[in-house]
Amino acid sequence: MPRISSTLVSLAALGATVVAGHVGGAVTGPVAGLVHTAEASDPALTAAIDTLLGDPRLVGSQVAVQVRDARTGEVVYARDADLRMLPASNAKLLSSAAAVDGLGEDFRFATDVLASGPVSDGKVRSDLYLRGGGDPTTLAADYRALAVDLRAVGVTKVLGDLVADDSYFDDVPLGTGWSWDDEPYYYSAVTSALTVAPDTDYDSGTVIVRTSPGASVGSAVTVSTQPATGALDIVNRATTGAAGTANTLSVERQHASDTVLVTGSVPLGAATDTEWVTVQDPTAYAADVFARALDAEGIKLLGGVREGTAPEGGLVLASHESMTVGELLTPYMKLSNNMHAEVLVKALGAETTGSGTWAAGLAAVRSYLTAEGVDAGGTRLVDGSGLSRMNLVRAQDMTDLLVAVRDEPWFDTWYDALPIAGNPDRFTGGTLRSRMRNTAAANNLHGKTGSLTGVTALSGYVTNADGRELVFSMISNNYLTSPRSLEDALGVTLASWSESGDETARQPGARELRRSTDYGPEGVECSWVKAC
């Protein structure tokens, strides 16, 4: 007999208040609105998930769930799986699969330094061009390496300007429907074919602003940036408070401005604070970082710095190649990096049609989904990351994709890049590293998280207690109190579910589950606040 009773006992410990039959304000016998495939349903599993979805947090909201056999596609459980829902970062499942298929695992982004003629007597007797190929992982150290390579081929002086070329992509900076008040924050940076990432999280188009208390009470707070750049105008009004006083520090780029205002008070002896701040113009930021690298290598730039386009047939003097797309999937998916999603979409457009635009890239995404049997005509995607509230996807679209991609030659790379529940390593567990710890789902469930205000989602793969691999998707919209713990309850339920009645399958206890999850701030994706 199928066995899940211990899981049911544990649902409340995950934060799931169970009220049988209470969904969307209607109280009936079974939960209203459930759609099942009768021949595929296990009554015990169905009852467990129905009970889970009776949580009062879901009253007045929408929730879509589908569970299927990963190998056959057989539907095990479904509730409103055909409803169009805001997917948040679950959209990355669709865009990442299309990008790795269209670009290939071995695709690399190139950043080139060119001149319109040969170097003579150590002089570039023309403008020097820095041409971006979309790389979202280029560090200040990589620009320094380009300068070192220039010096190695004999360049000591540039008689013309430094020209930054970002023409591989169009000049539309932000996605459709992105909120203006998200612009200062690193998860909503400008997408550019020429940019800088400040560290190996590869948050392209951002600068890390570091603040430390001054030497004495009343002194100015110390501010520095990583990397050093003139792309931001730092206005420091923050002061050092007495030890033990409240930390009221604020670091924020002003809307439609390069000005970063640092205000508040930092107590004496406090640790260094780090904030990721977006720049208005990543192309100018990259040019500034490269110009500083030229100067550090003793290469004198006689002209100015401006934006433009490299000439056709220009002489490549130095080049930097990124990690492969297959390698990029790890920081992209583990940390739910929005900018990687958008770069890959625009690159997909550039490589398939010659147009580095969201429209061209998303058309390629839809074509891929259709070829894989996903009804792309029933979805709406306006970006690759899921940051826009105009995206609409169904839970059945997610499970269609999750089943279909298992046959792809790149599947293992993509699957390994998904966050893994309960694994504490940041680049293994990713956005799930503090969730479902010490449960049957830990180091078992591979899934993609997603969060916006009023939106939470989790879709992926989990193996049940009998070794049966399942795919699942749960998307919740328009709630007032986050039901994210119900996603974890679903994951643990599926991982603990046995159809064989084998009593050796491990069931988590209530006390264990109480220790299993740290969600961080209410309703906020951990990647949004650098908590994962």
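Residues in the range 128-151 that are β-branched (Val, Ile, Thr) and closer than 23 Å to Ala350 by Cα: Thr137, Thr138. Would it be correct to say that Gly264 is crowded, with 16+ Cβ neighbours inside 10 Å, more than 17 Å from Tyr186 (Cα to Cα) and over 24 Å from the mean Cα position of the chain (by Cα)? In short, yes.
Matching residues to (1) aliphatic (A, V, I, L, M); (2) more than 27 Å from Asp182 (Cα to Cα):
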position: Arg380; (1), (2): no, no
position: Gly386; (1), (2): no, no
position: Arg389; (1), (2): no, no
position: Arg406; (1), (2): no, yes
position: Asn444; (1), (2): no, yes
position: Gly447; (1), (2): no, no
position: Ile475; (1), (2): yes, no
position: Tyr479; (1), (2): no, no
position: Arg484; (1), (2): no, no
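With respect to the conditions (1) at pLDDT 50 or above; (2) under 30 Å from Ala404 (Cα atoms); (3) among the hydrophobic types (A, V, I, L, M, F, W, C), Val59 lacks only one, and its number is (2). Scanning the range 298-313 for residues that are farther than 27 Å from Ser116 by Cα and in contact (Cβ under 8 Å) with a residue 12 or more places away in the chain turns up nothing.
Residue-by-condition table, conditions (1) in contact (Cβ under 8 Å) with a residue 40 or more places away in the chain; (2) out of contact with any Leu (no Cβ under 6 Å at 6 or more places or on another chain):
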{"site": "Ala115", "(1), (2)": "yes, no"}
{"site": "Leu159", "(1), (2)": "yes, no"}
{"site": "Asp171", "(1), (2)": "no, yes"}
{"site": "Gly177", "(1), (2)": "yes, yes"}
{"site": "Asp182", "(1), (2)": "yes, yes"}
{"site": "Thr191", "(1), (2)": "yes, yes"}
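Filtering the range 305-351 to residues that are of a type in the set (Val, Ile, Thr), surrounded by fewer than 21 Cβ atoms within 10 Å (Cβ to Cβ) and more than 28 Å from Leu150 (Cα to Cα) leaves only Thr330. Note on the range 75-123: among residues that are surrounded by fewer than 19 Cβ atoms within 10 Å (Cβ to Cβ) and under 23 Å from the mean Cα position of the chain (by Cα), the one that is farthest from Thr456 (Cα to Cα) is Ala110. Evaluate the range 425-436: report whether one residue or more is in a loop (DSSP other than H, G, I, E, B), without any contact (Cβ under 8 Å) to a residue 24 or more places away in the chain and over 19 Å from Glu74 (Cα atoms). Scanning the range 425-436, I find at least one residue that is in a loop (DSSP other than H, G, I, E, B), without any contact (Cβ under 8 Å) to a residue 24 or more places away in the chain and over 19 Å from Glu74 (Cα atoms), so the answer is yes.
Any residue at all in the range 185-206 that is more than 22 Å from Gly384 (Cβ to Cβ) and assigned to a strand (DSSP E or B)? No, the range 185-206 contains no residue that is more than 22 Å from Gly384 (Cβ to Cβ) and assigned to a strand (DSSP E or B).
For every residue, the table says whether it meets (1) touching a Leu at 6+ places or on another chain (Cβ under 8 Å); (2) among the aliphatic types (A, V, I, L, M).
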residue	(1), (2)
Arg306	yes, no
Glu312	no, no
Val316	yes, yes
Met323	no, yes
Glu327	no, no
Thr330	no, no
Asn337	no, no
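Filtering the range 387-401 to residues that are more than 17 Å from Ala64 (Cα to Cα) and surrounded by 23 or more Cβ atoms within 10 Å (Cβ to Cβ) leaves only Leu387. From the list Val221, Val277, the lone residue that is modelled with pLDDT of 95 or more, farther than 30 Å from Ala341 by Cβ and in contact with a strand residue (DSSP E or B) (Cβ under 6 Å, 6 or more places away or on another chain) is Val221. Scanning the range 377-392 for residues that are among the small types (Gly, Ala, Ser) and outside any helix (DSSP H, G or I), we see that the one that is nearest to the chain's Cα centre (by Cα) is Ser385. Residues in the range 228-247 that are out of contact with any Leu (no Cβ under 8 Å at 6 or more places or on another chain), part of a loop (DSSP other than H, G, I, E, B) and farther than 13 Å from Gly264 by Cα: Ala228, Thr229, Gly230, Ala231, Leu232, Gly244.
The values are calculated or read from the model by the stated rules, or taken from the named source; none is laboratory data. Small disclaimer: the values here were computed from a predicted structure and weren't measured. Neighbour counts run over all protein chains shown; Cβ positions are idealised from the backbone, glycine included.
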